[in-house]
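One structure is given below, encoded as structure tokens.
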Amino acid sequence: MTDRLYYHDSFLYDFDAEVRSVVESPRPALILDRTAFYPTSGGQIHDMGSITHAENSGAKVRVTEVIDTEDGHVVHYLEAPLKDVKPGIRVRGEIDSARRRDHMQQHSAQHVLSAAFVRLFNMPTVSFHMADDYCSIDLDTLSLTPNQIESAERLANEIVLENRPVDIRFTTRDEAAALGLRKVPPTERDQLRLIDIHDFDLTACGGTHVEHTGQIGSVLLRKSEKVRHGYRVEFVAGLRAVATARRDFSALTETAALFSANIYDVPQQARKSLDEIKSLRKQREQSLEELADAQAIALLAEIPEKNGRKLVVRTLSDRDLNFVKLLAQKLTRQATSIALLAISSPQPALVFAQSAGQPYDMAALLKQTMAKLGGRGGGSKDLAQGGVPSSEGLADALAEAANALTA
Ligand SMILES: [Zn+2]
């Protein structure tokens with residue numbers, strides 16, 4: 001079993017050790033007799049840092065991942081093999097202290113927060129998750145209100161401000177039972193490591209923690225969402241809370257500048273803009289409807305009826321497909337007609353339509369025309385549409401389609 005130095009001192013950032021075994025594949029790794037590196041476990045993610053050959057300071061490699069094995073060894077995965085390494089040699093380990101401090105802030109914040117939810121609302125924490133950017137706890141509860149979130153956040157920050165001592169204690173399982181732990185681990189191990197936040201929380205945990213709650217800095221609760229067995233609450237603590245607040249402020253400032261508004265007026269401004277967009281969209285739809293109607297009347301007036309129907313063949317520019325489809329529908333509803341319409345710009349396209357009861361097949365005619373233009377499209381017997389790669393040959397193809405109908 002590896003002797004875990006972090007069990008007794010979370011602020012130990014460098015240490016000496018002896019190599020016990022060397023792994024070469026699939027990834028280079030070392031097992032030492034003792035270590036201050038924390039392996040991923042109990043919701044907390046692993047430390048990083050470096051390991052140096054004690055007799056050759058040039059032989060130094062980065063530790064990229066640290067894991068726990070079932071038989072109690074800590075495995076240090078390395079970025080590359082360590083030069084001249086073999087069992088028995090002395091090495092020096094160095095922990096990335098900024099990363100470790102961040103993890104201590106998050107993990108201790110989690111204990112404070114979990115205890116706050118129990119004290120205030122009797123909501124136990126069932127799991128803890130730490131990622132590189134945020135952390136979350138899952139609460140065993142049927143409901144969770146924004147007010148409860150705020151109250152738990154406030155109590156957690158009060159505990160931070162009171163700067164209570166955080167002690168590491170070791171007890172037997174039996175002793176622990178009498179102490180009233182917030183959470184007792186399911187392991188068979190006889191000795192338990194307890195994290196004691198004075199007069200606030202006592203729980204069994206193998207993680208690295210601050211020495212006083214003040215070192216947590218602050219706790220900021222973020223998103224909450226319903227999950228399968230309760231509610232998940234995301235949070236950030238310490239410097240992460242500051243970095244998150246900074247990012248929020250930048251995003252909000254950028255948004256406020258778009259509205260030329262104060263940041264606190266952004267929700268109101270955004271709501272106003274969305275309402276405006278909605279009403280303009282409605283107005284636009286109505287105008288296009290009226291325009292299509294008028295244009296259809298004008299076009300039909302120009303064209304004489306032949307064989308009981310009017311044949312409208314037109315190439316339009318600066319129109320979108322939806323408008324031309326609307327125009328085709330108006331034309332074929334206002335009079336017994338066939339409309340062969342092309343759009344030359346901005347997106348070249350074809351729309352073919354006929355009044356209900358007419359004998360042709362617009363989808364088939366479109367397919368024939370598309371075959372010549374290299375476009376793609378489809379539709380029904382009465383209405384078909386498709387895009388073409390360019391406006392070249394569009395007028396000729398349209399005339400050809402018209403000829404096919406009269407032939
Ligand atoms: Zn813990």
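The values are calculated or read from the model by the stated rules, or taken from the named source; none is laboratory data. Keep in mind that this is a model prediction, so the values were computed, not measured. Glycine gets a Cβ as well: all are built from the backbone with ideal geometry, and neighbour counts include every protein chain shown. All accessible areas refer to the heavy atoms of the entire protein, side chains included, with ligands and DNA or RNA removed. Shrake-Rupley method; radii C 1.70, N 1.55, O 1.52, S 1.80 Å.
Sort out which residues of segment 109-129 are buried (at least 23 other Cβ atoms within 10 Å of the Cβ) and more than 14 Å from the ligand (Cβ to nearest atom), and write them in order of number.
If the condition is that a residue be buried (at least 23 other Cβ atoms within 10 Å of the Cβ) and more than 14 Å from the ligand (Cβ to nearest atom), then Ala116, Phe117, Met123 are the ones that fit.
So which of Pro165, Pro146, Pro186 ends up being modelled with pLDDT of 95 or more and open to solvent by 50 Å² or more (accessible area, probe 1.4 Å)?
Being modelled with pLDDT of 95 or more and open to solvent by 50 Å² or more (accessible area, probe 1.4 Å) holds for just one of Pro165, Pro146, Pro186, which is Pro146.
Is there any pair with a first residue in segment 18-45 that is of a type in the set (Asp, Glu) and a second that is within 16 Å of the ligand (Cβ to nearest atom) whose Cβ atoms are under 8 Å apart and which are 6 or more apart or on different chains, and what are they?
Correct list of pairs: empty, since none qualify.
I'm trying to understand the selection: among the residues of segment 307-323, which are without any contact (Cβ under 8 Å) to a residue 60 or more places away in the chain and under 48 Å from the mean Cα position of the chain (by Cα)?
Result: Leu316, Ser317, Asp318, Arg319, Asp320, Asn322, Phe323.
Considering only segment 30-89, give the strands (runs of 3 or more DSSP E) lying wholly within it that have at least 2 residues that are closer than 17 Å to Tyr7 by Cα.
Of the strands (runs of 3 or more DSSP E) lying wholly inside segment 30-89, those with at least 2 residues that are closer than 17 Å to Tyr7 by Cα span 56-68, 74-78.
Quick one: which residue in Arg271, Arg228 is surrounded by fewer than 12 Cβ atoms within 10 Å (Cβ to Cβ) and at pLDDT below 95?
Arg228
If we scan segment 95-102, do we find a residue that is part of a helix (DSSP H, G or I), of a type in the set (A, V, I, L, M) and more than 16 Å from the ligand (Cβ to nearest atom)? Please lay out each step first, then the result.
The first filter runs over segment 95-102 and keeps only residues part of a helix (DSSP H, G or I), leaving 97-102.
With the extra rule that they be of a type in the set (A, V, I, L, M), the set shrinks to 98.
Next, from what is left, pick out any that are more than 16 Å from the ligand (Cβ to nearest atom): 98.
Among the residues of segment 95-102, at least one is part of a helix (DSSP H, G or I), of a type in the set (A, V, I, L, M) and more than 16 Å from the ligand (Cβ to nearest atom), which makes the answer yes.
Taking interchain pairs and intrachain pairs at least six residues apart, which have beta carbon atoms under 8 angstrom, with the first residue in segment 241-267 and open to solvent by 90 Å² or more (accessible area, probe 1.4 Å) and the second part of a helix (DSSP H, G or I)?
Phe249/Ile263
Within the bounds of segment 35-52, is there any residue that is open to solvent by 60 Å² or more (accessible area, probe 1.4 Å) and either charged (D, E, K, R) or in contact with a helix residue (DSSP H, G or I) (Cβ under 6 Å, 6 or more places away or on another chain) (or both)?
The answer is no; no qualifying residue exists.
Within segment 75-108, take every residue that is under 22 Å from Arg164 (Cα atoms) and not acidic (Asp, Glu) and give me the one that is most open to solvent (accessible area, probe 1.4 Å). Lay out the reasoning, then the answer.
Filtering segment 75-108 for residues under 22 Å from Arg164 (Cα atoms) gives 100-108.
Next, from what is left, pick out any that are not acidic (Asp, Glu): 100-101, 103-108.
Working: Arg100: 0, Arg101: 116, His103: 2, Met104: 2, Gln105: 30, Gln106: 0, His107: 3, Ser108: 4 Å².
For segment 75-108, the residue satisfying everything is Arg101.
Taking Val236, is it farther than 30 Å from Met48 by Cβ, of a type outside the set (Asp, Glu) and either within 16 Å of the ligand (Cβ to nearest atom) or open to solvent by less than 60 Å² (accessible area, probe 1.4 Å) (or both)?
Details: farther than 30 Å from Met48 by Cβ: no; of a type outside the set (Asp, Glu): yes; either within 16 Å of the ligand (Cβ to nearest atom) or open to solvent by less than 60 Å² (accessible area, probe 1.4 Å) (or both): yes.
Against the criterion (farther than 30 Å from Met48 by Cβ, of a type outside the set (Asp, Glu) and either within 16 Å of the ligand (Cβ to nearest atom) or open to solvent by less than 60 Å² (accessible area, probe 1.4 Å) (or both)), Val236 does not qualify.
Suppose we keep only residues that are basic (Lys, Arg) and out of contact with any helix residue (DSSP H, G or I) (no Cβ under 8 Å at 6 or more places or on another chain) within segment 190-229. Which one would you say is farthest from the ligand (Cβ to nearest atom)?
Lys226
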